[in-house]
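Everything below concerns the one structure shown next.
The values are calculated or read from the model by the stated rules, or taken from the named source; none is laboratory data. It should be emphasised that the depicted structure is a prediction, and the values quoted were computed from it without experimental measurement. Neighbour counts run over all protein chains shown; Cβ positions are idealised from the backbone, glycine included.
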């Protein structure tokens, strides 16, 4: 999630990320998200646009900002690098 956070920071898009073991999540939000009430304040429209942009670049993420993502032993460093590159491209496109 560090890469996604850096991509968002590079284009001044508010994003918070979290990782727990092999699970990860992120919200388009300016506040830390620690509960459902805070999660409901995230920008779901931005998430939808980001999700579509990532799909267009071959990266499938959970289709709701309220779902966790998972990595596995099958996930390679190259796959993670591709997802981070796609995040930079997508976020740059969304802020043009």
Tell me, please, whether a residue that is surrounded by fewer than 16 Cβ atoms within 10 Å (Cβ to Cβ), within 12 Å of the chain's Cα centre (by Cα), part of a loop (DSSP other than H, G, I, E, B) and in contact (Cβ under 8 Å) with a residue 12 or more places away in the chain can be found in region 67-75. yes
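Given the structure, is residue 82 assigned to a helix (DSSP H, G or I) and either farther than 27 Å from residue 96 by Cβ or more than 11 Å from the chain's Cα centre (by Cα) (or both)? Explain how you work it out, then say what you get.
On the way: assigned to a helix (DSSP H, G or I): yes; either farther than 27 Å from residue 96 by Cβ or more than 11 Å from the chain's Cα centre (by Cα) (or both): yes.
It is true that residue 82 is assigned to a helix (DSSP H, G or I) and either farther than 27 Å from residue 96 by Cβ or more than 11 Å from the chain's Cα centre (by Cα) (or both).
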Going by the structure shown, is residue 58 in contact (Cβ under 8 Å) with a residue 24 or more places away in the chain, exposed (fewer than 12 other Cβ atoms within 10 Å of the Cβ) and touching a helix residue (DSSP H, G or I) at 6+ places or on another chain (Cβ under 9 Å)? yes
What are the pairs, 6+ residues apart or on separate chains, where a residue within region 12-24 that is free of Cβ contacts under 8 Å to residues at least 40 places away in the same chain has its Cβ under 8 Å from a residue that is surrounded by fewer than 14 Cβ atoms within 10 Å (Cβ to Cβ) and not in a loop (DSSP other than H, G, I, E, B)? 15/9; 17/2
Any residue at all in region 55-64 that is part of a helix (DSSP H, G or I) and either modelled with pLDDT of 95 or more or in contact with a strand residue (DSSP E or B) (Cβ under 6 Å, 6 or more places away or on another chain) (or both)? yes
